[in-house]
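The structure under discussion appears below in the form of structure tokens.
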């Protein structure tokens, strides 16, 4: 069983429109580093957001923000959070003692629509995972300025594999 498998299987079953990005995508594309959360870009339609929020709630995830998570469906609300609260992602967490968290990116240099166009399909035990391309993941990681993301960019560019690290 892979981490977040329950959620990913439900995403697949309900045909959620999403793309894996962040550390999990980095690992699936051949990098290797420990990552604890799952970062996703999603289609921001009401129907898709409703599916994602309900799947996460059913799996026992809660929001850190003191707001109804369905509000991420409202474009004006998202724009306000990005501009006035400097929010990059909407966070769901399993519980206070767990490392499990899902971040829905709401402010990204790569949109869902861009990412899904040429997403890499990775098959893991009857589970097909849409993963952002290396080029687009690099674009996203350049934007953060974090040291671990700069290392990831270097690894993605040289095409290192897990067993090379």
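The values are calculated or read from the model by the stated rules, or taken from the named source; none is laboratory data. These numbers were taken from a predicted model, which means no experiment stands behind them. Here Cβ is always computed from backbone atoms with ideal geometry, including for glycine, and neighbour counts include all displayed protein chains.
Name the single residue, out of those in the stretch 28-50 being free of Cβ contacts under 8 Å to residues at least 40 places away in the same chain and in a helix (DSSP H, G or I), that is surrounded by the most Cβ atoms within 10 Å (Cβ to Cβ).
49
Against the conditions (1) within 30 Å of residue 155 (Cβ to Cβ); (2) surrounded by 13 or more Cβ atoms within 10 Å (Cβ to Cβ); (3) within 16 Å of the chain's Cα centre (by Cα), where does residue 72 fall short? Just the number, please.
(1)
Looking only at the stretch 8-22, filter to residues that are in contact with a strand residue (DSSP E or B) (Cβ under 7 Å, 6 or more places away or on another chain) and part of a helix (DSSP H, G or I); which one of those is modelled with the lowest pLDDT?
22
Kindly indicate the residue of the stretch 133-165 that is under 15 Å from the mean Cα position of the chain (by Cα) and in a loop (DSSP other than H, G, I, E, B) and also modelled with the highest pLDDT among those meeting that condition.
Only one residue tops the list, namely 133.
Among the numbered conditions (1) surrounded by 14 or more Cβ atoms within 10 Å (Cβ to Cβ); (2) in a loop (DSSP other than H, G, I, E, B), tell me where residue 67 comes up short.
Unmet for residue 67, out of (1) surrounded by 14 or more Cβ atoms within 10 Å (Cβ to Cβ); (2) in a loop (DSSP other than H, G, I, E, B): (1).
May I ask you to list the residues in the stretch 70-94 that are in contact with a helix residue (DSSP H, G or I) (Cβ under 7 Å, 6 or more places away or on another chain), at pLDDT 90 or above and either farther than 21 Å from residue 45 by Cβ or part of a helix (DSSP H, G or I) (or both)?
The answer is 77, and nothing else.
When you scan the stretch 109-132, how many residues do you find that are surrounded by 19 or more Cβ atoms within 10 Å (Cβ to Cβ) and assigned to a loop (DSSP other than H, G, I, E, B)?
Of the residues in that region, 3 qualify.
Within the stretch 39-55, count every residue that is modelled with pLDDT of 95 or more and closer than 12 Å to residue 101 by Cα.
So the answer is 1.
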